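Student: Here you go, one structure.
Laboratory data are not the source of any read-out in this text; all were calculated from the coordinates shown. Values in this document were obtained by computation on a predicted structure and should not be read as measured data. Here the Cβ is made from the backbone with ideal geometry for all residues, glycine too, and neighbour counts use every protein chain on show.
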Amino acid sequence: MKGVSGGERKRTSIGYELIKNPSILMLDEPTSGLDSFTALEIAKILKIEAFRGMTIISTIHCPSSAVLEKFDQLIILTDGYTIYNAPPREIPEYFLRYDL
């Protein structure tokens, strides 16, 4: 008897939360453990929901550039301090300017 995979469980959990149509959705690592295609599909769905007016707050570690581009605002922390708070498209200029 085959059980539900971790990826299936994660997608089902996110889907269940989206069905409830909350005004704010908080996700902890929604793409971890998923292959790159599925991670991008999740990011696309979340982007659509954000466009429809849902506020989505998520932690994400080591996203692909394609997934990162789906975010409107990005906050990068190090040792608990904010070192970046702006759209992802401004990352290269910001880190080159401050030589970080």
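Student: Taking square-rooted eigenvalues a ≥ b ≥ c of the alpha carbon gyration tensor, is segment 44-100 rounded, prolate or oblate, where a/c under 1.5 means rounded and, failing that, a/b exceeding b/c means prolate? Please report the intermediate quantities before stating the final value.
Tutor: Values: a/c = 2.16, a/b = 1.76, b/c = 1.23.
Prolate, because a/c is 1.5 or more and a/b exceeds b/c.
Student: What's the ranking of 58-64, 30-36 by average number of surrounding C-beta atoms within 10 Å, highest first?
Tutor: By packing density, highest mean first, the sequence is 30-36, 58-64.
Student: Between Ile57 and Thr12, what is the label-point separation in nm under the 7 Å Cα-to-beta-carbon projection?
Tutor: Reported label-point gap for Thr12 and Ile57 is 2.8 nm.
Student: Cα centroids of segment 51-100 and segment 1-21: how far apart, whole angstrom?
Tutor: Spelled out, the Cα-based centre of one part sits 26 Å from the other.
Student: Of the DSSP beta bridges with both residues in the chain, give the percent that are antiparallel, rounding to the nearest 5.
Tutor: 50
Student: How about segment 1-66: which trypsin sites (Lys or Arg not before Pro) there are in a DSSP loop, with at most 14 other Cβ atoms within 10 Å of their Cβ? The partial results should precede the final answer.
Tutor: Values: sites: Lys2, Arg9, Lys10, Arg11, Lys20, Lys44, Lys47, Arg52; in loops: Lys2, Lys20, Arg52.
Taking segment 1-66 and a limit of 14 other Cβ atoms within 10 Å, the loop trypsin sites (Lys or Arg not before Pro) found are Lys2, Lys20, Arg52.
Student: Per-residue ellipticity at 222 nm for the chain, helices alone: DSSP H runs ≥ 4 residues times -39500 (n - 2.57), over residue total, nearest 500 deg cm²/dmol?
Tutor: Working: 4 runs with 41 residues, N = 100.
Counting only the DSSP helices, I get -12000 deg cm²/dmol.
Student: Give me log10 I(q)/I(0) at q = 0.11, 0.20, 0.25 Å⁻¹ for the chain, Debye formula, one equal scatterer per alpha-carbon, no solvent.
Tutor: -0.38, -1.08, -1.44
Student: 7 Å from Cα along Cα→Cβ at both Leu74 and Ala86: what's the point-to-point distance in nm?
Tutor: Label at Leu74, label at Ala86, 1.2 nm between them.
Student: Would you tally the net charge around Ile48, using a Cβ to Cβ cut-off of less than 13 Å, leaving Ile48 out, and scoring K and R as +1, D and E as -1?
Tutor: Details: positive: Lys44, Lys47, Arg52, Lys70; negative: Glu41, Glu49, Asp72.
Charge balance in the 13 Å sphere: +1.
Student: Once label points are set 7 Å from the Cα along Cα→Cβ at both Tyr98 and Ser23, what is their separation, rounded to one decimal in nm?
Tutor: 3.3
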